[in-house]
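Accompanying notes for the structure given below.
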Amino acid sequence: MVNRETVAFGKHVTLEGDDDPFTDEERAIVQKEIGRVYDLFLESVGSSRKMTRDEVDPVAGGRVWTGSQALERKLVDELGGVDVALRKARSLAGLKDTTPAREVRFAPQAGFRRARCPRRRGLLGYVLEGIGLLSRAPALAVMEFVPTDPY
């Protein structure tokens, strides 16, 4: 038999725990945080896509689009895979087509594993799991290597 006991000090210190359901106050805190993250998302997409927040919101809204649907909605510049993206990144950076790309992987962050607990299967779990996946996604870096003279 296993018993679990939580020792915590502070009003909302166990907010992300899975021992108890949210209180109304905690639910409001979580909804406010989700709203804040969504607002940041709208601002980021809007600025990068040269769209206003009001133009992005109806297109976003928690939807997932196929590549061609995203192109129709101006959420991507063009369709293609990693090779097309690398070619575009090199071009935008003014680099040669032969400039090497390196994949960089980041260590997973332990805090996002909590998103898989049963209580997190709702909207917050979806948001946390998405952020967790982004934090573990590999990144490609395209850079020109310029050797320096050590002397």
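Structure above, values below:
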quantity: Backbone HN-Hα couplings from phi across region 39-47 [Karplus 6.51/-1.76/1.60, Hz, Gly and Pro as x]; calculated: 4, 4, 4, 4, 5, 5, 5, x, 5
quantity: Theoretical gain in end-to-end length, Asp18 to Val82 [0.36 nm per residue, Cα-Cα removed]; calculated: 19.2 nm
quantity: In sequence order, calculated HN-Hα J values of region 59-75 (Karplus, 6.51, -1.76, 1.60; Hz; x Gly/Pro); calculated: 7, 6, x, x, 8, 10, 10, 6, x, 5, 5, 5, 5, 4, 9, 6, 8
quantity: Under 20 Å from the Cα of Lys32 - lysines, other chains or at least 8 residues apart; calculated: Lys11
quantity: Where region 1-50 is the region considered: accessible area per residue in Å², 1.4 Å probe; calculated: 85
quantity: Length-normalised contact order for region 22-105 - Cα pairs under 8 Å, 6+ apart - percent; calculated: 13
quantity: Region 1-112 - percent of accessible surface contributed by carbon and sulfur, probe 1.4 Å; calculated: 54
quantity: For Leu15, solvent-accessible area (1.4 Å; no DNA, RNA or ligand), Å²; calculated: 30
quantity: 29 Å Cα-Cα reach of Lys88 towards lysines, excluding residues that sit fewer than 8 places from it in its own chain; calculated: Lys50, Lys74, Lys96
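The values are calculated or read from the model by the stated rules, or taken from the named source; none is laboratory data. Remember, predicted model here, so these are calculated numbers, not experimental data. The accessibility values were calculated without ligands, DNA or RNA, using every heavy atom of the protein model including side chains. Shrake-Rupley method; radii C 1.70, N 1.55, O 1.52, S 1.80 Å.
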